[in-house]
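A short write-up of the structure that comes next.
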Amino acid sequence: MTILVTGGAGYIGSHTVAELVQHGESVVVVDSLQTGHRGAVLASLNVPLYDFDIRDTAQMVDVLQRHAVDTVIHFAANSLVGESVQNPLKYYDNNVAGTAKLLEAMVQANVLCIVFSSTAAVYGLPERMPIREADRKLPTNPYGETKLAIERMFHWANQAYGLSSVSLRYFNAAGAHPTLPIGEDHQPESHLIPIILQVALGQREKVNIFGDDYDTADGTCIRDYIHVMDLAKAHRLAVQYLRNGEKGASAFNLGNGSGFSVQEVIDVARKVTGHPIPAQVSPRRAGDPPQLIADATEAHRVLGWTPERTELAEIVASAWQWHQAHPQGYQD
Ligand code: UFG
């Protein structure tokens, strides 16, 4: 039995591939390398990497059959909130239409299990904190909207074709692999922790704090930061859940259940790096909810998932280790 990972050369995808291989799984990666990095699929893991778009149904069916794939983990997508507002059709095309084509290939090849990379952005402005899976979903940007549309697609594909799915709604992924040379490398970078660490590396002068007048204790936005290796483990457990014969379309929040403000993240990074990390308050970023914290009770209860790297200092330290060793990210 082989697991096909789309987007396996991306940030969370590459860590999941490493986690699966280290647990004895046979893995194959499909990645267009538009935003992924060839170097993120480590040669030492001995994983075949197919460089094509998930909309190429003929190639996808061929790879699914040739490798006797039983489960797909689907990361391949565009994932920049700001870009999705500027260019929503790109997101509908790549994310929604791309997933529809992927499912078409899976149904043709009779591969009927999928684990999907979803997001807390499906909730939009949450009604209450912490957020539970059944809470209102009203995305405030096309990125979240397309991820929610895909979750709904799984519901109908389950009824029509018997496709079983697990959607994993990540909160704020951060950190890097503790021992292997893989980590976060986005071009351009927009995420808080890598930006802070670029300041510590001397690549940026300062970090802009997007708003300090939110209704939170110190006025800056609160997020639930979750270590990428804990996310990787959740994917492995979700595959197990489907292989145990679970039917239907389910969704789980993945977070630590505790929130840190932008100011707190900067303070922790100052301690971890020993760098003063100059910061300056700047205007709010459009569409940022003041607070996002997961209730991940269901992932614990149903998947048996317990995050292990829950200390923010540990999360930042693992990212710092990667950024120091790879100040320019992947060299491809
Ligand atoms: N922030 C700053 N300065 C920066 C960058 C970010 O103050 O230079 C703030 C943001 O305003 C936000 C927090 O830091 O309050 C975290 O921002 P990120 O961009 O790192 O992450 P987001 O919470 O905006 O987004 C993440 C994922 C999205 C996902 C979203 C929903 O990156 O893909 O969570 O949970 F949609």
- Which is farthest toward the positive dipole end of the chain among 304, 124, 64, measuring Cα position about the Cα centre, with Cβ charges +1 (Lys, Arg) and -1 (Asp, Glu)? 64
- Packing rank of 10-18, 249-257, where each peptide gets the mean count of other beta carbons within 10 Å, highest leading: 10-18, 249-257
- Message: Placing +1 on the Cβ of each Lys and Arg and -1 on the Cβ of each Asp and Glu in region 209-287, which of 248, 259, 277 has its Cα farthest towards the positive end of the resulting dipole?
- Response: 248
- What residues from region 103-138 fall in the zone where the backbone N is under 20 Å from a label point 7 Å along the Cα-to-C-beta line of residue 215? 123-132, 135-138
- Going by how many other Cβ atoms sit within 10 Å of their own, how do 2, 99, 71, 297 line up, fewest first? 297, 2, 71, 99
- Item | Estimated FRET transfer efficiency when R0 is 22 angstrom, pair residue 190-residue 324 (beta carbons, to 0.05) | 0.60
- Any idea how far apart residue 308 and residue 46 come out in nm if each label point goes 7 Å out from Cα toward Cβ? 2.3 nm
- Message: Which lysines, if any, have their Cα less than 28 Å from the Cα of residue 137, not counting same-chain residues under 8 positions apart?
- Response: 90, 101, 147, 233, 247
- Message: I want to check the label-to-label distance for residue 271 and residue 258. Put each point 7 Å from Cα in the C-beta direction and report it in nm to one decimal.
- Response: 1.1 nm
- Pull up all non-local amide H partners of residue 281: gap of 5 or more, or a different chain, and H-to-H distance under 5 Å with H placed in the peptide plane. 209
- Across region 60-77, in residue order, what do the Karplus-derived ³J(HN,Hα) couplings come to in whole Hz, using 6.51 cos²θ - 1.76 cosθ + 1.60 with θ = phi - 60° and x for Gly and Pro? 5, 4, 4, 5, 4, 6, 4, 9, 6, 6, 10, 9, 10, 10, 10, 9, 4, 5
- Note on the structure: Two pseudo-spin positions, 7 Å from Cα along C-beta at residue 38 and at residue 280, lie apart in nanometres by 3.9 nm
- Task: Report ³J(HN,Hα) in whole Hz for each residue of region 199-213, in order, from the Karplus equation J = 6.51 cos²θ - 1.76 cosθ + 1.60 where θ = phi - 60°; Gly and Pro get x.
- Result: 5, 4, 7, x, 8, 9, 6, 7, 9, 8, 8, 7, x, 10, 10
- Message: Could you work out the relative contact order of region 93-218? I mean the mean sequence separation of Cα pairs under 8 Å and 6+ apart, divided by the number of residues, in percent.
- Response: 23 percent
- Query: Which order do peptides 135-141, 233-239 fall in by mean Cβ count within 10 Å, highest first?
  - Reply: 233-239, 135-141
- Message: Per DSSP helix of 4 or more residues, -39500 (n - 2.57); summed, then divided by the residues of the chain. What does that give at 222 nm, rounded to the nearest 500?
- Response: -10500 deg cm²/dmol
- Ranked highest first by the average count of other Cβ atoms within 10 Å around their residues, in what order do 169-177, 271-279 fall? 169-177, 271-279
- Unit charges on C-beta of K, R, D, E only; dipole of the chain, Debye: 320 debye
- Express in nm, to one decimal, how much length is gained between residue 59 and residue 288 on full extension, taking 0.36 nm for each residue of separation and deducting their alpha carbon distance. 78.6 nm
- Message: In whole Hz and in residue order, list the ³J(HN,Hα) couplings for region 4-13 that follow from phi through the Karplus curve 6.51 cos²θ - 1.76 cosθ + 1.60, θ = phi - 60°; x for Gly and Pro.
- Response: 9, 10, 7, x, x, 9, x, 5, 6, x
- For the chain, longest principal axis from Cα atoms; helix 98-108 axis from its Cα atoms; angle between them, nearest 10 degrees, is 30 degrees
- Query: Zone of residue 101 (label point 7 Å along Cα→Cβ, backbone N under 17 Å): which residues in region 62-81?
  - Reply: 62-64, 74-79
- Message: Between region 148-202 and region 253-332, what is the separation of their alpha carbon centroids in Å?
- Response: 13 Å
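Just so you know, all these numbers are worked out from the coordinates, no wet-lab data involved. As the structure is a computational prediction, the values presented were derived from the model and not from experiment. Heads up, the Cβs are rebuilt from the backbone with ideal geometry, glycines too, and the neighbour counts pull from every protein chain shown.
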